[in-house]
1. Within segment 250-293, work out how many residues are within 22 Å of GLY96 (Cβ to Cβ), part of a loop (DSSP other than H, G, I, E, B) and more than 27 Å from the chain's Cα centre (by Cα).
2. For segment 502-620, which fully contained strands (runs of 3 or more DSSP E) count at least 1 residues that are surrounded by fewer than 21 Cβ atoms within 10 Å (Cβ to Cβ) and not assigned by TED's automatic domain parsing to the domain that holds THR64?
3. Does ASN162 count as part of a loop (DSSP other than H, G, I, E, B) and among the polar types (S, T, N, Q)?
4. Quick one: in segment 698-720, of everything that is of a type in the set (Val, Ile, Thr) and under 22 Å from GLU164 (Cβ atoms), which residue is surrounded by the fewest Cβ atoms within 10 Å (Cβ to Cβ)?
5. Under 25 Å from MET722 (Cα atoms) and at pLDDT 85 or above - does that describe any residue in segment 490-500?
6. Can you tell me how many residues in segment 177-210 are within 15 Å of ALA241 (Cα to Cα), small (Gly, Ala, Ser) and more than 20 Å from the chain's Cα centre (by Cα)?
Amino acid sequence: MELDVPDLATVNTKGVTDIAGLPRLKSLWAETIGDPRVCVAVLDGPVDQSHPCFEGANLTSLPTLVSEVAGSGLMSGHGTHITSTIFGQHGSPVTGIAPGCRGLLVPVFSDNRKRKLSQMDLARAINQAVEAGAHIINVSGGELSQSGEADPILVNAVRFCNDEGVLIVAAAGNNGCECLHVPAALPSVLAVGAMNAQGLPIDYSNWGQTYQTQGILAPGENILGAEPGGGTSLRSGTSFATPLVSGIVALLLSIQLLQGEKPDPHAVREAILKSALPCNPEMGEDCRRFLAGSLNISGAYTLITKGELAEVSDQNSEEVVIQPSEAIDPSSQESALQSSEIGIQAAEAINSESTPITIQNSGNPMRVTSNNVATVDASSDNSGNVVPSGDCGCEGGTVASSVTPSNAPMSLVYAIGIIGYDFGTEARRDSFKQLMPFVRSDNYQPFPENPPEDRDFFLVPANPYDAKQMVNYLRTAFDSEGNPQTPTYEDIPEAASLIWTLNLELTPIYAIEPQSPFALAVYKCLADFLQGQVLDKENEDYVERVAIPGVLTGRTVTLFSGQVVPVIEPLNTRGMYAWKVQQIITDVMRSIHEQVTEGATPITTQQEAEVKYSLENFLMRIYYDLRNLGQTSQERAQNFAATNIFQAADALVKVLSNQSRTWVTSESQAVTMQLDSFNVERSPFCRKDSDCWDVKIKFFDPENTDRAKRVMRYTIDVSDIMPVTLGSVRMWDES
């Protein structure tokens, strides 16, 4: 049976791509219009779910950093159109490709021009979609990247998708060059370029080298879609080719379910790439622009139903702004240049009826509305600005049961970073400046109540941005013994006005919000962490990093810079740890000296320096190589394993000091072992209602690579706010 296609005569039928006319699509629809067990996540602008085309659609919105509802803004139009291409109900004003599938709406592009999208925030949204059950993630946007490299956090998020069997379908970009966009160019992603009604690549569709093996061309000219407020429009660009492919993938997954098979998005990806229609060199076209070929629904269907698939191959790959991928109309050049304040620096292109041009500081898509008037949409920024722990020793924060909201499961975080603070507004900053006492000009310490008469210093106003001064002020809430001076957290002056942040280097990733009944204890813990961070690095109490367990509240905070970050709430101080590197080194060296066997050569000063270097190198590699948001189960397991190792001084002594048997100092055995690999994978064995991960850490002898590697293995359950190790830490040698 073939379903009706809405009459387009009232819109603008000239040049409209007939979605229902795609070869083999009606036959697919005769079998399924999408199985509700197949989930497609749309990472885009806000969506107007009140549009008639979504009546009856199975759509769920996830809370993100973009909290606004859909309006008449540029990104709302983009997100609503993209979503309707997949989920528009048949018989409505917009016919979607897979209207029977389940949809997750994950807003990442904002109508607010000040709110831009970083690769880190895109990674956060990807992780969120995977955790929510997505099989396919549609990203109709990207950032220009000549090399195809991306921020390691985004690389890790894409790798996490691949490991979990989730397929990212992303736009190839509209720069009209042999260039790449991320995430489309990252391994295991399916990149989508745009072609016109004649099956030829549109001039502005990118054709970088990576796309030759992982990119597909799909119709991307004059695609009909929904507009906020109930109307429809035609749009062109790789943005609008991408949801066509996502919808086809969803239908093929639904076919797999009909056959009694488990849906395999990466097998479908491989089928689409293998069945792609190749370029015909006799047409006189540059075959590189065809990528791996043009979408062949019939061929992909045949491969899926006959099972003639090879395993999907993965590749190794690793500026930092994501933007919607569209094309512009030449009549809109003036408007495009006027909108360059949004910060877009991508070279976009015009429609196929004109000669391609390059417009700097724009990125404005063509939109042909029902009255045949071309208007301009803007996209997110591509300026490079990224816009579209040991026990803390705090008292009173011991045991509190984890409380799960009744309406939804907790979204847990276990993240590693450094503590920071923010004021949000100039008024809040000034209020701190007025409350903080004057300081001495010579060492910027608080001015004493009874200063000496013969002093060679003068008083200066406090600087709220000076962390040392801020620590001194914050700690006035506690006496010399560390006991609170006030009965509750709310009684501390300006306590609620300070925004605590957890940072990856200089970038805040979370705001930390103490909440009763342990708010006072958490506040003290954070102040202690900050105090440790401002100490000299040689001090044993110097804090290198902290580990923070918490619950995502679903709220966001806008920092003074304009950056929006999610708020996490530590339920208590349990699990809040400080990485005190010098203290660990001291403990390790003490243990090494104590464990030198009778008659053995004592460790020399040079060897001691080597062990210290090895320890510091190990801890830095753990932090930088595994840097993540602590959001997914896998990331929480990684971070807890790293923190747990940090606390296990005895284990570090045995491994890093190469004490496999006794302390020896022969030329055949190095003084210290070095980190070889740190792998985390889902455990095949776990308790009921738990979330278990096996962590395997290997160390090698740098002076004798033939020597057996030392292995440490953990099994970690991350189902609760505070992860726990199951059983004991296991250690063995492995050849």
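The values are calculated or read from the model by the stated rules, or taken from the named source; none is laboratory data. Computed from a prediction, not measured in an experiment: that's the story for all the values here. Reconstructed Cβ throughout: ideal geometry from the backbone, glycine too, with neighbour counts over all protein chains shown.
1. Going residue by residue through segment 250-293, those that are within 22 Å of GLY96 (Cβ to Cβ) are 250-258, 263, 265, 268-269, 271-272.
Those left that are additionally part of a loop (DSSP other than H, G, I, E, B): 263.
Going one step further and asking which of them are more than 27 Å from the chain's Cα centre (by Cα), we end up with none.
Qualifying residue count, segment 250-293: 0.
2. 507-512, 545-558, 564-569
3. Numbers: part of a loop (DSSP other than H, G, I, E, B): no; among the polar types (S, T, N, Q): yes.
No; evaluated as a whole, the condition is false for this residue.
4. Across segment 698-720, the extreme among qualifying residues is THR715.
5. yes
6. 5
Per-residue answers, yes or no, for (1) of a type in the set (Val, Ile, Thr); (2) within 24 Å of VAL718 (Cα to Cα):
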site	(1), (2)
THR553	yes, yes
VAL557	yes, no
ASN572	no, yes
MET576	no, yes
TRP579	no, yes
ASP587	no, no
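For every residue, the table says whether it meets (1) modelled with pLDDT of 95 or more; (2) closer than 19 Å to VAL268 by Cα; (3) out of contact with any Leu (no Cβ under 7 Å at 6 or more places or on another chain); (4) aromatic (Phe, Trp, Tyr).
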{"site": "VAL166", "(1), (2), (3), (4)": "yes, yes, yes, no"}
{"site": "VAL169", "(1), (2), (3), (4)": "yes, yes, no, no"}
{"site": "GLU178", "(1), (2), (3), (4)": "no, no, yes, no"}
{"site": "LEU186", "(1), (2), (3), (4)": "yes, yes, yes, no"}
{"site": "VAL189", "(1), (2), (3), (4)": "yes, yes, yes, no"}
{"site": "GLY199", "(1), (2), (3), (4)": "no, no, yes, no"}
{"site": "GLN214", "(1), (2), (3), (4)": "yes, yes, no, no"}
{"site": "ALA241", "(1), (2), (3), (4)": "yes, yes, yes, no"}
